Amino acid sequence: EAGVAQSPRYKIIEKRQSVAFWCNPISGHATLYWYQQILGQGPKLLIQFQNNGVVDDSQLPKDRFSAERLKGVDSTLKIQPAKLEDSAVYLCASSHYLNEQFFGPGTRLTVL
Amino acid sequence: DQQVKQNSPSLSVQEGRISILNCDYTNSMFDYFLWYKKYPAEGPTFLISISSIKDKNEDGRFTVFLNKSAKHLSLHIVPSQPGDSAVYFCAASITGGGNKLTFGTGTQLKVEL
């Protein structure tokens, strides 16, 4: 069974630029999560989808971050415009409804 | 507000000995706890979990202990192996809370030969 796929794996941008990350969850997993992991901290949930609906986006900085999950499969997370403090690893995870979460390898974002 | 805390950023243990990783939490609503293991350039992988109705759960070399009164849990690895060298995250959730995980800051375990 293929795991959670994420791309790109690494991204370097200047502040105020835009960036998008892509996630393909495990086939059949209804629930998809985006986490932000800043260096030295644990992952923090940004947004959770069930199918193509948002379950929790309470910690998503909505003035600059957006996410969508069209057709309830793939998802994209966008940052526009990026700030220095957005430098982090962005992890995507998926689960079969509310069961164990499986994580992708993450995208490491550096904002200069 | 750090609701899940791992106060030891790093731990070094000799191969074959016991590794003990600790985690404290402040939110008394948490009733399900998990440990994840993370290698560099990979995502976290689930290791072991425990429900608040238990005080111990064992899976091979890994045992998690929960002390609800102290709001403390620990992960024991016996015997430790070099392949166990990784960052270990403690996470907590609330049943009925939509499977939302709150993670600690992680402990880097190094198992030396």
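The values are calculated or read from the model by the stated rules, or taken from the named source; none is laboratory data. On a predicted model such as this, the values are computed, not experimentally measured, just so you know. Virtual Cβ from ideal backbone geometry, glycine too; neighbours counted across all protein chains shown.
Checking A:SER27, A:SER58, A:SER94 one by one, the residue that is free of Cβ contacts under 8 Å to residues at least 12 places away in the same chain and among the hydroxyl-bearing types (Ser, Thr, Tyr) is A:SER58 and no other. Residues of the stretch B:23-62 that are away from chain A (no Cβ under 14 Å), surrounded by fewer than 17 Cβ atoms within 10 Å (Cβ to Cβ) and under 17 Å from B:VAL111 (Cα atoms): B:ARG61 alone.
Results for (1) among the acidic types (Asp, Glu); (2) over 20 Å from A:PRO25 (Cα atoms), shown as yes or no for each residue.
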position	(1), (2)
A:ASP57	yes, no
A:ALA67	no, no
A:LYS83	no, yes
A:LEU98	no, no
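Across the stretch B:90-105, not a single residue is classified as modelled with pLDDT of 95 or more, surrounded by 15 or more Cβ atoms within 10 Å (Cβ to Cβ) and over 27 Å from A:PHE49 (Cβ atoms).
Any residue that is within 14 Å of chain B (Cβ to nearest Cβ) and within 28 Å of B:GLY96 (Cβ to Cβ) - is there at least one of those in the stretch A:80-91?
yes
Taking chain B and the strands (runs of 3 or more DSSP E) fully enclosed by it, the elements with 2 or more residues that are touching a residue at least 60 places away in the same chain (Cβ under 8 Å) and more than 12 Å from the chain's Cα centre (by Cα) are at B:10-14, B:107-112. Taking the conditions (1) surrounded by fewer than 16 Cβ atoms within 10 Å (Cβ to Cβ); (2) more than 14 Å from the chain's Cα centre (by Cα) in turn, A:GLY42 satisfies each one other than (1).
Among the residues examined, B:VAL13 does not qualify as in contact with a Leu (Cβ under 6 Å, 6 or more places away or on another chain) and away from chain A (no Cβ under 14 Å).
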